[in-house]
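Working notes for the structure below.
The values are calculated or read from the model by the stated rules, or taken from the named source; none is laboratory data. Computed from a predicted structure; not experimentally measured. We work out accessible area using only protein heavy atoms, side chains counted, and drop any ligands, DNA or RNA first. Shrake-Rupley method; radii C 1.70, N 1.55, O 1.52, S 1.80 Å.
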Amino acid sequence: MKQNDFEKILTKFKAASVDGKIDIYTTTEGLNREQYRELLMWFPRTDLDRLEKALG
């Protein structure tokens, strides 16, 4: 995904609730490995189990 588009997604991701973050993480197409990693850096560690279930 182009960096400018990713920056928009990242801004939304940072402001989103945990459910919103899960939705963005699981439904956004075209992200590369590094972009997924960057999103994970902004995901609350205490809720990783919820993300794992959603990816499941």
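Take residues that are among the aromatic types (Phe, Trp, Tyr) and at pLDDT 95 or above and tell me which of the helices (runs of 4 or more DSSP H) falling wholly in the chain contain 1 or more. So that I can check it myself, show each step before the final result.
Values: elements: 3-15, 18-27, 33-41, 48-55.
In the chain, 3-15, 18-27, 33-41 are the helices (runs of 4 or more DSSP H) which contain 1 or more residues that are among the aromatic types (Phe, Trp, Tyr) and at pLDDT 95 or above.
Mind counting the residues in segment 6-19 that are more than 9 Å from the chain's Cα centre (by Cα) and open to solvent by less than 70 Å² (accessible area, probe 1.4 Å)?
3
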Residues being under 16 Å from Asp5 (Cα atoms), open to solvent by less than 80 Å² (accessible area, probe 1.4 Å) and among the acidic types (Asp, Glu) - total across segment 21-56:
1
